[in-house]
Every structure is written in structure tokens, then in C-alpha cells.
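Presented below is the structure to which this report refers.
The values are calculated or read from the model by the stated rules, or taken from the named source; none is laboratory data. Please read these numbers as outputs of a predicted model, since none were measured by experiment. Here the Cβ positions follow ideal geometry from the backbone for every residue, glycine too, while neighbour counts run over all protein chains shown.
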Amino acid sequence: MTRTIVITGANRGIGLAMASIWKARGDRVIATCREPSAVLDKLGVEMIDGIDVSREDGVINLQSGLGDTSVDVLFNNAGIMLSETVDHMSYDQIREQFEVNTLGPLRVTLGLLDNLHAGSKVGLMTSRMGSIADNTSGGKYGYRISKAGLNAAGKSLALDLKPKGIAVAILHPGWVQTDMTGHSGNLTVEQAASALIARMDGLTLENTGTFWHSDGSELPW
């Protein structure tokens, strides 16, 4: 059965790889991004550009682009990682990451509620760096804060959307070879994308709200 998939931040990296895999499976893929990329253009999926998840008008543009399209899977992939330390702190950077990484997925999910339906699934791309229990190295204040906030928002969304029949997954992709990691990870984007899609395939109302590594193991809050 063909499903309609919406992915934010799909012009490169993991989002692009997920779009490619879902398209190859025969699903209808609607890729959103701020700016299109040549490789996304060549992929041959539907695209809505000009979507900045950190801005209200970005969500309005997405709503307008989708119209009354029924969405089976919404995957909130768009995100940024900057770096702050005790000695080099930037509150502006922290605010920027919070807008994109925490409020962005919340804005998009709530903005598309009318497009979702009983049986729809929502994926939130988070990070184990948002785990308080797993933090053994400090630093990266804005990224950690924003992802911890997304984890909390995701848990509440899972509880609040369950009566509507909508399940929510809170997902860490692993250490992936992307621009964000300086291509230093131990997973390719294709491997991470396949694992994340497997987690979305296995998402149900019974396990909604789980904080997963892409390999299927649960992560500590």
C-alpha cells in the first residue's frame, strides 16, 4: 500500500537518504527544505522548498503546499548543531538551536494535525546528546538543551496524540557520517536511514513515546 511521507530537512544527509529509500519502496514522498539541492531535484520526489521550521511563516508555507493532503508518516528531520562551552558561550546560538530543534518539530507537527489521521505516525529526530542520564562529557549546551527539550515535547505529544490514533517515535540516528559530524561517524547516512525507517515501521500506539536508538535499543532519559 502506497503511503504519503512528509520529511523536513530532506535536501541532504539522513533526510535525503530516507526520502530515497521510501521512494524506492513505492511510497509518495514529499520532501521539504529551506533550499533545494541538485541531488534532491534528481531524486524525483515531490518537493516543497522555502520551509524554515524555526518560523511560523515556514509552517504556513508547508500547510499551503500540502493543502488537504492526507499524511501517513511525518518525519521531523530538520535540525542544526552549533557549539558552546563554559568559556565560549553564545546565548544567541542556544536560542537558534532551540527554535530549530525543539520548537520547529512541535510547530510542524501541530501545524499539520489536520493532515494527520488515525494510524498516522510522527517521527522526531533527536539525539542521545539530549539524554541527561547519558551526558558524561558536557559541552554543546545549545544542542543538548534543544534535544532534551524535544524529547520532553515528544513524550507529551505521544500522550496527547494517542487518543487520536497517532503514534510518535523519539529517535536517535546513531553516530552518522554527515556534515553535522564532520563525516566522522561509524554509520553511513544510508545505514542510519534504513534503521530509522525500520523504527518507524515498528512504531505502534503500544510503544508510542519511546526514546530509541536507531538500532532498536531504548535510551535513557
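The conditions are (1) on the phi < 0 side of the Ramachandran plot; (2) in contact with a Ser or Thr (Cβ under 7 Å, 6 or more places away or on another chain), and Asp52 fails exactly one of them. Which is it?
(2)
Where residues in the stretch 94-150 are basic (Lys, Arg) and outside any helix (DSSP H, G or I), which of them is farthest from Ala192 (Cα to Cα)?
Lys140
Looking at this structure, is Thr85 within 30 Å of Glu206 (Cα to Cα), of a type in the set (Val, Ile, Thr) and at pLDDT 95 or above?
Taking the combined requirement at face value, the residue does not satisfy it.
For the stretch 51-69, indicate whether the set of residues that are over 29 Å from Arg28 (Cβ atoms), at pLDDT 95 or above and surrounded by 15 or more Cβ atoms within 10 Å (Cβ to Cβ) is non-empty.
no
Return the total of residues in the stretch 17-37 being under 14 Å from Leu196 (Cβ atoms) and either assigned to a strand (DSSP E or B) or over 12 Å from the mean Cα position of the chain (by Cα) (or both).
6
If you go through the stretch 73-82 one residue at a time, do you hit one that is out of contact with any helix residue (DSSP H, G or I) (no Cβ under 9 Å at 6 or more places or on another chain) and farther than 24 Å from Glu218 by Cα?
Looking through the stretch 73-82, none of the residues is out of contact with any helix residue (DSSP H, G or I) (no Cβ under 9 Å at 6 or more places or on another chain) and farther than 24 Å from Glu218 by Cα.
Identify all residues within the stretch 37-50 that are farther than 20 Å from Gly67 by Cβ and either without any contact (Cβ under 8 Å) to a residue 24 or more places away in the chain or surrounded by fewer than 16 Cβ atoms within 10 Å (Cβ to Cβ) (or both); write none if there are none.
Ala38, Val39, Asp41, Lys42, Gly44
Take the residues of the stretch 77-126 that are crowded, with 18+ Cβ neighbours inside 10 Å, out of contact with any strand residue (DSSP E or B) (no Cβ under 8 Å at 6 or more places or on another chain) and β-branched (Val, Ile, Thr): which is nearest to Lys147 (Cα to Cα)?
Per the criteria, the residue is Thr102.
Go through the stretch 186-221 and report how many residues are in a loop (DSSP other than H, G, I, E, B) and either touching a Phe, Trp or Tyr at 6+ places or on another chain (Cβ under 6 Å) or over 14 Å from Val168 (Cβ atoms) (or both).
9
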